[in-house]
1. What pairs come out if I take residues in the stretch 117-142 that are closer than 16 Å to Leu69 by Cβ and in the same structural domain as Gln106 (by TED's automatic domain parsing) and pair them with residues that are modelled with pLDDT of 85 or more and exposed (fewer than 11 other Cβ atoms within 10 Å of the Cβ) whose C-beta lies under 7 Å away, six or more apart or interchain?
2. Quick check: is even one residue across the stretch 266-273 more than 21 Å from His197 (Cα to Cα) and of a type in the set (Phe, Trp, Tyr)?
3. With respect to the numbered conditions (1) at negative phi; (2) at pLDDT 95 or above; (3) under 22 Å from the mean Cα position of the chain (by Cα), which one is the sole condition not fulfilled by Lys257?
4. Going by the conditions given, is Asp267 closer than 15 Å to Lys235 by Cβ, modelled with pLDDT of 95 or more and not small (Gly, Ala, Ser)?
5. Confirm whether Gly239 is out of contact with any Leu (no Cβ under 8 Å at 6 or more places or on another chain) and either outside any loop (DSSP other than H, G, I, E, B) or crowded, with 16+ Cβ neighbours inside 10 Å (or both).
6. So Gly285 fits all but one of (1) within 23 Å of Met191 (Cα to Cα); (2) surrounded by 16 or more Cβ atoms within 10 Å (Cβ to Cβ); (3) out of contact with any Phe, Trp or Tyr (no Cβ under 8 Å at 6 or more places or on another chain); what number is the exception?
7. Could you pull out the residue among Gln71, Gln106 that is in contact (Cβ under 8 Å) with a residue 60 or more places away in the chain, out of contact with any Leu (no Cβ under 8 Å at 6 or more places or on another chain) and part of a helix (DSSP H, G or I)?
Amino acid sequence: MKTDPETAPDEAAPAPPAGRQARPGFDDAFYDQFVPELLASYSTVGGLNNRDAHNMPSTRAVGQICEGLLQLLFPGFHDDDAVHHGTLAELTRERISAVGIQLEDQVRKSVRIGDPKRPTGRTPPILRQFFHSLSDVRELLRTDIEAAYEGDPAALYSEEIILSYPFIEAITIQRLAHILYAASAPIIPRMMTEWAHSRTGIDIHPGARIGSHFFIDHGTGVVIGETCKIGRRVKLYHGVTLGARSFAKDEAGHIVKGGKRHPNVEDGVTIYPNSTILGGETVIGANSTIGANVFLMHSVPADSLVIYEEKQLLIRSKADRKKEVPLDWVI
């Protein structure tokens, strides 16, 4: 009986290591040669997610927590099936428990970074404060949705804003992450806002303090730094940066961490697309308007209008243009 060469086993292939099953058609030995180099890199460069049997936080788990929190704050808007009023209480209990268990696990791992044997107690106090704050966050988000509805003529329904405006997802996660940040939970708040950043293109540091009735129109490319303080009824457009002007350095030339680095934006301010405002001492006074493409590194008094005047802007008739002598182009 002849053997088909296409299906015959490779007799020259070595047996797989103990504990690993052979995979017909795959040359595991070829890939095994790269393992020692990578293991050596783990020792010299780092990257092994284990410190005395305590793993570090998981980006995937934090993403699942964010998804669960969105379901808790907006029941029915992040679900495949309808949420009926009669099942809401039990569903909310299940979701709080599921999110709480996941979040507790990740917070425990985060507080052990730098001190793997640090005791965390049965339930970190951070979590008690966090879950008590959920109803307050919902009230703030109600004002954000209201600001979006009032500030965008294209918005027809509040449901449309919750379902389709990326800013709502970004500010929801930031407001939640800010609670953990204020309670000194390490790493997890930043992981949460970076999860939202990757989905929405809106980068808001969890340390930023943001008042009610906040609205980011379109949103793509907005950056809000850690020490920003934003008042009530502030409206930003896409591409706005509220950043740091410069970084203080020590005698060795290393950046000094902390300190006020980002601007304050007072109540009622509107900042149009692609404007950049920098500096920890910079204050944009209440009810001011910052036009598009403005670059600011100093304070602006209340009720100011800051714009660049148009220069050399030419609008001509195409018909008149055709009557002119054509130009010779050389490329």
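The values are calculated or read from the model by the stated rules, or taken from the named source; none is laboratory data. Bear in mind the structure is a predicted one, so any value in this text is a computation, not a measurement. Cβ coordinates were reconstructed from backbone atoms using ideal geometry, including for glycine residues, and neighbour counts include every protein chain displayed.
1. none
2. No: zero hits.
3. (2)
4. Here the answer is yes, as Asp267 does meet what is asked.
5. Considered against the rule, which asks whether it is out of contact with any Leu (no Cβ under 8 Å at 6 or more places or on another chain) and either outside any loop (DSSP other than H, G, I, E, B) or crowded, with 16+ Cβ neighbours inside 10 Å (or both), Gly239 comes out as yes.
6. Of everything listed in (1) within 23 Å of Met191 (Cα to Cα); (2) surrounded by 16 or more Cβ atoms within 10 Å (Cβ to Cβ); (3) out of contact with any Phe, Trp or Tyr (no Cβ under 8 Å at 6 or more places or on another chain), Gly285 misses just condition (1).
7. Only one candidate qualifies: Gln106.
To keep it simple, each residue is scored yes or no on (1) among the basic types (Lys, Arg); (2) closer than 20 Å to Val265 by Cβ.
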site	(1), (2)
Pro153	no, no
Tyr181	no, yes
Ser184	no, no
Ile187	no, no
Arg199	yes, no
